[in-house]
Amino acid sequence: MDKRSLTGVVGNPKGMNGGKINLPEDVRYVKALLYLIRPGLGGPDPADWPVCDAKSGDTYSDRLAVLILNFQMKAKNLLGDSLDGEYVAGGRVMPGSKTLKLLERVAFDSAASIQRTFAQKEAPLLVLRDSRLDGCMPACRPGNYKEVSEKTPIGEAIHWVADKFYDYNNDETGTTYLMVSIMAHGQAGAIQFCKEWIQLWTVPYFQLWKNRVQSIDLHACDVVGASQGQNGYVLCSKLAFSSGAAVRAADATQYYFKGKDTKNKCVAPLHFKAWNGYVLTWSPAESKPGSEEGKLDDIDYQPED
């Protein structure tokens, strides 16, 4: 996501006498900034993520004004920044205002912390697909694909990836790290992968991927979300820290082509279409000492890669 200017005011319209306010593109931009900020730094709590996520679109709601006001009121205590009374306006972000500049600073600071590892296309790609995600075999290098099911222990899949590291590394070559793509059904805070699923209690098993895997793409629906005690933000951040890899996941339904099967032979491979919704990336760097959670590094709206 790139910085942009606001055309008008975003926030509480009460008391505004004319002028440009809550234009769709401005609203979308402010929502994206808030969505990137961790709750501990004045961003929305998981219960309020639906106010700012891709599904909310670019329309204004009174709850958005509340979230802006909450950020403004927390700014001085948490970040040491005075907004010179801007919060008195009742939750508004104005073009060129201190509130806008602070929102951008907090949101983009983490995005500049490390270079995006997903751009390193030269790394070998391993693909793991849970068979409960219907379709043909995905396109990938021979030997770099593993299919799992509800009967496969998650440890088997984790060890398969760890062992693949040695296929690309020996004493005569420099270290080559792996990229991993996991294709499966998902829901807020959990991925239907192997017998045990990927969820908070299975995340520590991925420590075996440290110093072997550089990035993990989670091609599954609605992973970054919160529902019935499951928190996708926490799941992904802890997976990044445990695996030592950058983790990328989305907050919306993902769409894919199942492939084409003719006479029990795959003639067109399964593949996921472009990312849908907001896509968040965590780095393995600890967000704060002792948290055992990776650091939110970037957020994009429907990136092409």
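Derivation of every value follows stated rules applied to the coordinates shown; laboratory data play no part. Note that this is a predicted model, so its numbers are computed, not measured. Reconstructed Cβ throughout: ideal geometry from the backbone, glycine too, with neighbour counts over all protein chains shown.
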Stretchable slack from residue 273 to residue 125, in nm (0.36 nm times residue separation minus alpha-carbon distance): 51.6 nm
Order of 137, 179 - criterion: other Cβ atoms within 10 Å of each residue's Cβ, fewest first: 137, 179
Extension gain, residue 137 back to residue 101 (0.36 nm per residue minus Cα-Cα distance, nm): 8.3 nm
Extension gain (nm, one decimal) between residue 151 and residue 17, 0.36 nm per residue minus Cα-Cα: 41.9 nm
Counting all C-alpha pairs of the stretch 151-211, share separated by more than 15 Å (%): 56 percent
Nearby lysines by direct alpha-carbon distance to residue 3 (threshold 16 angstrom, same-chain neighbours under 8 apart not counted): 31, 98, 101
Value of D in µm² per second that Stokes-Einstein yields for the stretch 117-301, Kirkwood Rh from Cα pairs, at 4 °C (1.567 mPa s): 78 µm²/s
Karplus (6.51, -1.76, 1.60) ³J(HN,Hα), θ = phi - 60°, over the stretch 192-205, in Hz, Gly and Pro reported as x: 7, 10, 6, 5, 8, 6, 8, 8, 3, 6, 9, 4, x, 4
Under-5 Å amide H pairs with residue 21, H placed in peptide plane, nonlocal only: 9
5 angstrom amide H check on residue 176, placed H, neighbours 5+ away: none
